[in-house]
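Read-outs: derived from the displayed coordinates by stated rules, not from any lab. Keep in mind it's a predicted model, so treat the numbers as computed, not measured. FYI the Cβ positions are ideal-geometry reconstructions off the backbone, even for glycines, and counts take in every protein chain you see.
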């Protein structure tokens, strides 16, 4: 039962959120001794709240994806087989309450009670995505990708923003801009991955009456759209490399070998992708690129110090 629940909440994805937020806090902020707001306990609560909200979103998404999952990946369907629908709804409600409740508590602790609305809005958007937005071409992809990016931004909002003073404003702004850059990177890669997953799940989505990009345009044209959008993160990374990291050989080599090269491989192979297996491999590749990009957060102290 426990293993089924861990699969249901997408445990590896939750670990990615944990790793990302820990690296921002301890690999970036603490390494440079900048002014922060959250104690170790406060930060732990922020991570727990983020993970609970994300886990709840995964559960409600699986509940409303039953019809398509039975076609696209029948061997991986958990709800109705390993976990009952009632249990899944109960788990969703409990996780949502914990996430929003902790968010409300933290927002008041840092003196920003209005921030509690952030967790409420994120929870509501995840529910809307699962029940309605995913049926609208590109809109669902953009919303869920924006929320992935926001899981990075939220660390800056809760840890950096309340600690800004006139004296440290420039330093705080510099580090917040780094957080925003990574959030944009995560948003673009996840957007690509969501579109690739639409290609992978085209059969089930068609039977469920969804209007995804490959259903509306056809698989070949959708590949072209994915290729064009895939140029955006590649261009952004090259721009970032040239303007900020060019003088550091280690940083240049890391980005070229672990980010740029895999992205180029993805762009070349999306042209010829046709089968479910092709798209599954490309989806995994994008996830790996995102992981390698996030890992670089822990390298700043070695690059810049």
**Item:** Normalised contact order of region 1-148, rounded percent, pairs of Cα under 8 Å and 6 or more residues apart
**Value:** 26 percent
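Give the shape of region 95-150 as rounded, prolate or oblate, defined through the alpha-carbon gyration tensor: a ≥ b ≥ c are the square roots of its eigenvalues, a/c under 1.5 means rounded, and otherwise the shape is prolate if a/b is larger than b/c and oblate if not.
Values: a/c = 3.52, a/b = 2.27, b/c = 1.55.
Prolate, because a/c is 1.5 or more and a/b exceeds b/c.
Please list the three semi-axes, largest first and in whole Å, of the ellipsoid equivalent to region 134-252, using sqrt of 5 times the eigenvalues of its alpha carbon gyration tensor. Kindly include the intermediate steps, with their values, before the conclusion.
Working: eigenvalues 246, 72, 14 Å².
Those come to 35, 19, 8 Å.
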**Computed [θ] at 222 nm, helices only, for the chain once each DSSP H run of length n ≥ 4 contributes -39500 (n - 2.57)** = -23500 deg cm²/dmol
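Rounded to the nearest angstrom and ordered from largest down, what semi-axes does the equivalent ellipsoid of region 211-305 get from its C-alpha gyration tensor (root of 5λ)?
After scaling each eigenvalue by five and taking roots: 30, 13, 10 Å.
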**Item:** Cα-based Kirkwood hydrodynamic radius, region 82-189, one decimal, Å
**Value:** 15.7 Å
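Give me the Å³ per residue figure for the convex hull around the C-alpha atoms of region 43-94. Spell out each step's value before the answer.
Details: hull volume 4.1 nm³, N = 52.
Hull volume normalised by residue count: 79 Å³.
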**Asked** Going by how many other Cβ atoms sit within 10 Å of their own, how do 278, 205, 30 line up, fewest first?
**Response** 30, 278, 205
**Message:** Limiting things to C-alpha atoms, what are the Rg and the maximum Cα-Cα separation (Dmax) for the chain, in angstroms?
**Reply:** 19.9, 59
